[in-house]
Amino acid sequence: MIAIDLDGRTALVTGSTQGIGEAIAKALAAAGARVGVNGRSPEKTDEAVVRLSATGGAYFAAPGDLATEEGAAAVAEAAPEVDVLVNNLGIFGAQPALEITDDDWRRYWEVNVLSAVRLIRTYLPGMTGRGWGRVLNIASDSAVVIPEEMIHYGTSKTALLAVSRGFAKAAAGTGVTVNSVIAGPTHTGGVEDFVYQLVDEDLPWDEAQREFMRLHRPQSLLHRLIEPEEIANLVAYLSSPLASATTGAAVRVDGGYVDSIIP
């Protein structure tokens, strides 16, 4: 059995009041880390901390809208020193390609890309100074297989792969690793809403999920949506000392969705 030990480490998981982010926060706390929970609303973030704390582990609130410089500064004030940074925050939604406005493009860039850049700039110097740290950027299969129905989302996640590789070079030789995680289609509340944008909304969930995978994600070798805990398991490993030789990588937990043997 692999023992993932983050005892004494402080982690920050962005967008962690629900979904994949919440699952990642739980996994890191279970490994012994003290975990900062982030959401835009202080009230929602506090509620998540209470809910997560009831399951065991050490959590604290780090609210702030990371799509803004002011929000990033508020998060940095709540979590001044971080050993493990997981940039999970992201937005997505179906939209016809020719109807995506400049404002839509800017919003996706600010939330999905610049939010991560801001926090890496904030925390990487401290990590390199201490000689240890982990930065994980949660990307998507859509970064590689750009979906026709949300090219703005896919493009933002492609950029996140480049951000990860570039900052890994900036941290070379310091004991800090920077990686991206290519997550496949995952079962969250937001994805349920997205599925029903694309299939008959009167279908029961199990049928709707199968229809979505058949019509819109036929490349998946799982033939089902991935559960958030399955993403969190890989993130916990990459956050640990066990993953010390993995950096600058785009590591897949995509259910075989991306039709490639590398990586």
I'd like to know if segment 52-69 contains one or more residues that are crowded, with 16+ Cβ neighbours inside 10 Å, in contact with a helix residue (DSSP H, G or I) (Cβ under 9 Å, 6 or more places away or on another chain) and charged (D, E, K, R).
yes
Any chance segment 31-47 includes a residue that's among the aliphatic types (A, V, I, L, M) and in contact (Cβ under 8 Å) with a residue 40 or more places away in the chain?
yes
Name the pairs: first residue in segment 87-100 and under 23 Å from T188 (Cα atoms) and among the hydrophobic types (A, V, I, L, M, F, W, C), second residue modelled with pLDDT of 95 or more and not in a helix (DSSP H, G or I), Cβ to Cβ under 7 Å, at least 6 apart or on different chains?
L89/T14; L89/G15; L89/L66
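Could you list, in sequence order, all residues of segment 1-30 that are farther than 13 Å from A62 by Cβ and either without any contact (Cβ under 8 Å) to a residue 24 or more places away in the chain or more than 15 Å from the chain's Cα centre (by Cα) (or both)? Explain how you work it out, then say what you get.
If we filter segment 1-30 for residues that are farther than 13 Å from A62 by Cβ, which is where we start, we get 1-9, 18-20, 22-24, 26-30.
Once the filter is applied, which keeps residues that are farther than 13 Å from A62 by Cβ and either without any contact (Cβ under 8 Å) to a residue 24 or more places away in the chain or more than 15 Å from the chain's Cα centre (by Cα) (or both), segment 1-30 yields M1, I2, A3, I4, D5, L6, D7, G8, R9, A29, A30.
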Could you list, in sequence order, the residues of segment 199-246 that are in a loop (DSSP other than H, G, I, E, B) and in contact with a Gly (Cβ under 6 Å, 6 or more places away or on another chain)?
S220, L221, L222
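Within segment 166-194, take every residue that is of a type in the set (S, T, N, Q) and farther than 21 Å from G256 by Cα and give me the one that is surrounded by the most Cβ atoms within 10 Å (Cβ to Cβ).
Restricting attention to segment 166-194, the residues satisfying the condition of being of a type in the set (S, T, N, Q) are 174, 177, 179-180, 186, 188.
Subset that is farther than 21 Å from G256 by Cα: 174, 177.
Numbers: T174: 16, T177: 22.
Across segment 166-194, the extreme among qualifying residues is T177.
On the given criteria, is R165 part of a helix (DSSP H, G or I), touching a residue at least 60 places away in the same chain (Cβ under 8 Å) and of a type outside the set (S, T, Y)? Even if it seems obvious, please write down each step before you answer.
Working: part of a helix (DSSP H, G or I): yes; touching a residue at least 60 places away in the same chain (Cβ under 8 Å): yes; of a type outside the set (S, T, Y): yes.
Yes; evaluated as a whole, the condition is true for this residue.
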When residues of segment 78-115 are filtered for being of a type in the set (A, V, I, L, M, F, W, C) and closer than 12 Å to L12 by Cα, how many remain?
7
Within segment 96-104, does at least one residue satisfy the condition of being buried (at least 16 other Cβ atoms within 10 Å of the Cβ) and either among the β-branched types (V, I, T) or more than 30 Å from L225 (Cβ to Cβ) (or both)?
yes
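Is it true that some residue in segment 68-87 is in a helix (DSSP H, G or I), within 19 Å of A243 (Cα to Cα) and within 15 Å of the chain's Cα centre (by Cα)?
no
State which residue is modelled with the lowest pLDDT when the search covers only segment 88-126 and only residues that are part of a loop (DSSP other than H, G, I, E, B) and within 30 Å of L6 (Cβ to Cβ). Lay out the reasoning, then the answer.
Residues of segment 88-126 part of a loop (DSSP other than H, G, I, E, B): 88-96, 100-101.
After this cut, where a residue has to be within 30 Å of L6 (Cβ to Cβ) as well, the list is 88-92.
On the way: N88: 98, L89: 98, G90: 97, I91: 96, F92: 93.
Result: F92.
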Unmet requirement for Q197, which otherwise passes all of (1) surrounded by 15 or more Cβ atoms within 10 Å (Cβ to Cβ); (2) under 24 Å from Y108 (Cα atoms):
(1)
Go through segment 200-242 residue by residue and tally those that are touching a helix residue (DSSP H, G or I) at 6+ places or on another chain (Cβ under 7 Å), buried (at least 20 other Cβ atoms within 10 Å of the Cβ) and over 22 Å from Y153 (Cα atoms).
2
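The values are calculated or read from the model by the stated rules, or taken from the named source; none is laboratory data. Here the structure is a predicted model, which is why all the values come from computation and not from measurement. Here the Cβ is made from the backbone with ideal geometry for all residues, glycine too, and neighbour counts use every protein chain on show.
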